[in-house]
Ligand code: GLN
């Protein structure tokens, strides 16, 4: 079972005691572990062993956690199913024969299968929330800047955050307590905005009395009927406990998927330039011409999805096209941010289905990249807006897990944890 969840199964013991003593954690394979290979799901890095720990790994060790392995993922985080991994696909423990979601599919599957108590993933456009939803577990995408990215192999660095998985909201919050907070090695981080003595896990009270929930109508359009039904059942459940909801509109999200993919691919084309077989990555060796040597290393080391994105990203950034694509995408990003800020002025949290569809069958979705990009419609706007969000199990449709996404204001993680803990 576990062989398709982990790329490398190796125990890394932490300190003897600490808040996570006795807990096991799976770590996505794009988060650096000193002395343990970190492949990013790519042939390019199949033999790469980092000489240092990511800040989050250092914090796990200090907290007494035991890391049980490096979890499978879409190559460099590019995907929604974990099927673009060079190391093969991962089955969904909650819905065998279906994908676990992506790109942090191995991390979510590890928790769902009981292979680890907790897990870390990374979320550039939904890669923690999507697999949490598909595997029936909880996943948090923190506010941009709450968690250090030092040691996370960059894909779209202006969008991504490392985030925790757990079986319950309290579990995921406990892990967030350990990894959150400023890091001098990542200048985009800041201290967690907690009062003295306050933690994230102690916000998991399940108290939603008086909570006002905004439901963006655009995030329900085109969603699968069974998913929408399950979503409304969960909202009704929250209403029974004293929450109220109203519909809101976010007109900008219509452009979020386009904007996200232009920005993510542009950043990827630049971030992945270092994998040339000399600075990083595998190489067949110098053959008399550096250009050809680099090209050959990249041709052999990268999979199709990664190549597609590097090509499109390079194109979007090239002279003459930069204003037409990249600059427009940045304008759309600013609009999305503004829309969310306005909607959150009139509601404590926003709610939507995490994914508009239930988990695909293994192999079903791979030939149509555009269809797959559209499945990210509800998650990518949150990354464009730098906001926090949580995916919590809402129920099932035809035996397949459905996730409810709650979105909050910047650094409003405690509010999300409180609300989501009413459900799991
Ligand atoms: N599915 C999205 C993508 O392929 C999100 C990936 C992620 O969050 N790393 O880019």
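Key figures
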read-out	value
Among the candidates 366, 406, 387, 372, residue that is surrounded by 17 or more Cβ atoms within 10 Å (Cβ to Cβ) and away from the ligand (no atom under 15 Å from the Cβ)	406
Residues of the range 175-195 satisfying the condition of being touching a strand residue (DSSP E or B) at 6+ places or on another chain (Cβ under 7 Å) and either part of a helix (DSSP H, G or I) or at pLDDT 95 or above (or both)	175, 176, 179, 180, 189
Where residue 327 falls short, out of the listed (1) over 17 Å from the mean Cα position of the chain (by Cα); (2) away from the ligand (no atom under 16 Å from the Cβ); (3) touching a residue at least 40 places away in the same chain (Cβ under 8 Å)	(3)
For residue 307: the one exception among (1) more than 15 Å from the ligand (Cβ to nearest atom); (2) without any contact (Cβ under 8 Å) to a residue 40 or more places away in the chain; (3) surrounded by fewer than 17 Cβ atoms within 10 Å (Cβ to Cβ); (4) under 30 Å from residue 50 (Cα atoms)	(1)
Members of the range 75-108 found to be on the phi > 0 side of the Ramachandran plot and either more than 12 Å from the ligand (Cβ to nearest atom) or modelled with pLDDT under 95 (or both), listed by number	88, 97
Hits in the range 109-141 (condition: more than 26 Å from residue 263 (Cα to Cα) and either within 13 Å of the ligand (Cβ to nearest atom) or assigned to a loop (DSSP other than H, G, I, E, B) (or both))	113, 114, 115, 116, 117, 136, 137
Residues within the range 282-321 that are part of a loop (DSSP other than H, G, I, E, B) and under 29 Å from residue 380 (Cα atoms), tallied	6
Filtered residues of the range 1-30 (kept if surrounded by 13 or more Cβ atoms within 10 Å (Cβ to Cβ) and without any contact (Cβ under 8 Å) to a residue 24 or more places away in the chain)	none
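Yes/no matrix, rows are residues, columns are (1) over 24 Å from the mean Cα position of the chain (by Cα); (2) modelled with pLDDT of 95 or more:
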residue: 268; (1), (2): no, yes
residue: 274; (1), (2): no, yes
residue: 291; (1), (2): yes, no
residue: 299; (1), (2): yes, yes
residue: 303; (1), (2): no, yes
residue: 340; (1), (2): no, yes
residue: 350; (1), (2): no, yes
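Conditions (1) closer than 13 Å to residue 390 by Cβ; (2) surrounded by fewer than 24 Cβ atoms within 10 Å (Cβ to Cβ); (3) touching a residue at least 60 places away in the same chain (Cβ under 8 Å); (4) touching a helix residue (DSSP H, G or I) at 6+ places or on another chain (Cβ under 9 Å), marked per residue:
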| position | (1), (2), (3), (4) |
| --- | --- |
| 115 | no, yes, yes, yes |
| 120 | no, no, yes, yes |
| 123 | yes, no, yes, yes |
| 126 | yes, no, yes, yes |
| 134 | no, no, yes, yes |
| 141 | yes, no, yes, yes |
| 151 | no, yes, yes, yes |
| 165 | yes, no, yes, yes |
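The values are calculated or read from the model by the stated rules, or taken from the named source; none is laboratory data. Just so you know, these numbers come straight off a predicted model, no measurement behind them. Every residue, glycine as well, gets a Cβ built from its backbone with ideal geometry; the counts of neighbours run over all protein chains shown.
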